[in-house]
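The values are calculated or read from the model by the stated rules, or taken from the named source; none is laboratory data. Not measured: the values here are computed from a predicted model. Cβ coordinates were reconstructed from backbone atoms using ideal geometry, including for glycine residues, and neighbour counts include every protein chain displayed. In case anyone asks, the SASA skips ligands and DNA or RNA and just uses the protein heavy atoms, side chains included. Shrake-Rupley method; radii C 1.70, N 1.55, O 1.52, S 1.80 Å.
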Amino acid sequence: MKNVSLSDLKAFLLVARLQSFQQAAGELGVSRSALSHAMRALETRLGVRLLHRTTRSVSLTQQGAVFLQRLDPLLDALDDVFDSTRFQPQELHGTLRINANEGGARWLLQHVVTDFLRAHPQVELDLVTDGRLVDIVAAGFDAGIRLAEAVPRDMIAVPFGGDTRFITVAAPGYLERAGTPHTPEDLLQHRCIAQRLPSGKRYRWEFMRDNKPLTLNVPGTLCLDNNALMVEAVVLGLGIACVPEPYARQALDDGLAVQVLEAWCPPIAGLCLYYASHRHVPATLKAFIAAIRAVA
């Protein structure tokens, strides 16, 4: 194999996925210059240029793309052999990288993470919270956590935690001053706490009744990008907010907030862990899925 090492092939795979020497070097625990030198040496041994390099980016050449397409399944198959023969489930090693929204990360911390890390002390769990829906394969993640409706269609989804709801809530004092809305259209006469999505757009509130959807651009003078802060604003009497029910639960239980338009806020499919259907599933991810299913 022209003295090409397995570590160099895996390094190339990571550079190709992340499209960054800096990020790949950080993942591998080596310097950027050392990784760049290793990739040039790999190209020399193969007698072909695999990567286009600039001062700001790296991308695959046409030959590099073909090489990656053929190499990827081979390394996956090799990893599968190692997983099935080298380690027993209680002896798992390595890093498991998961990209999650904030609600998913909270659920995992509360229900899964403690027991999983206790059962697999040699595994490092890298749990990254991100409001944006990222390409988990291109970004080097093993799995993602999002609401079922946001999971890409080409991914395998593992639901957990049951259904959820987005609910509209307000402080009792606010409703005493402004009145209680009875239909979503009534919100147009209220002060609403808007939400800024990671994309930069404002969230359009979504309602459903008798299988008929309704979407509104609600009025308001306050816009936030964090569900917990939105609930705090509700408690302060600043208006009506639409948030995932778990974020408002404590305020509801304490009487600091009340739900309005309940009939217009039906349950929807909840959180899912998802991963690429065409990629090798590492033993660490298999064990994490088993841990989720044990409590879901």
Within the stretch 206-225, the count of residues that are in contact with a Lys or Arg (Cβ under 9 Å, 6 or more places away or on another chain) and touching a residue at least 40 places away in the same chain (Cβ under 8 Å) comes to 1
Of those in the stretch 123-152 that are under 20 Å from E91 (Cβ atoms) and in contact with a Gly (Cβ under 8 Å, 6 or more places away or on another chain), the residue least open to solvent (accessible area, probe 1.4 Å) is V123
Scanning the stretch 14-59 residue by residue, those in contact with an Asp or Glu (Cβ under 9 Å, 6 or more places away or on another chain) and part of a loop (DSSP other than H, G, I, E, B) turn out to be R49, L50
Here, strands (runs of 3 or more DSSP E) confined to the stretch 154-195 with at least 3 residues that are open to solvent by less than 60 Å² (accessible area, probe 1.4 Å) and at pLDDT 95 or above are 166-170
Quiz item: Right, L252: part of a helix (DSSP H, G or I), assigned by the TED database to the domain that holds A100 and either farther than 24 Å from L127 by Cα or out of contact with any helix residue (DSSP H, G or I) (no Cβ under 9 Å at 6 or more places or on another chain) (or both) or not?
Solution: no
The one condition A287 fails out of (1) closer than 30 Å to L71 by Cα; (2) in contact with a Gly (Cβ under 8 Å, 6 or more places away or on another chain) is (2)
Those residues of the stretch 24-47 which are among the hydroxyl-bearing types (S, T, Y) and open to solvent by 30 Å² or more (accessible area, probe 1.4 Å) amount to S31, S33, T44
By residue number, the members of the stretch 255-265 that are of a type outside the set (G, A, S) and loosely packed, with under 14 Cβ neighbours inside 10 Å are E262
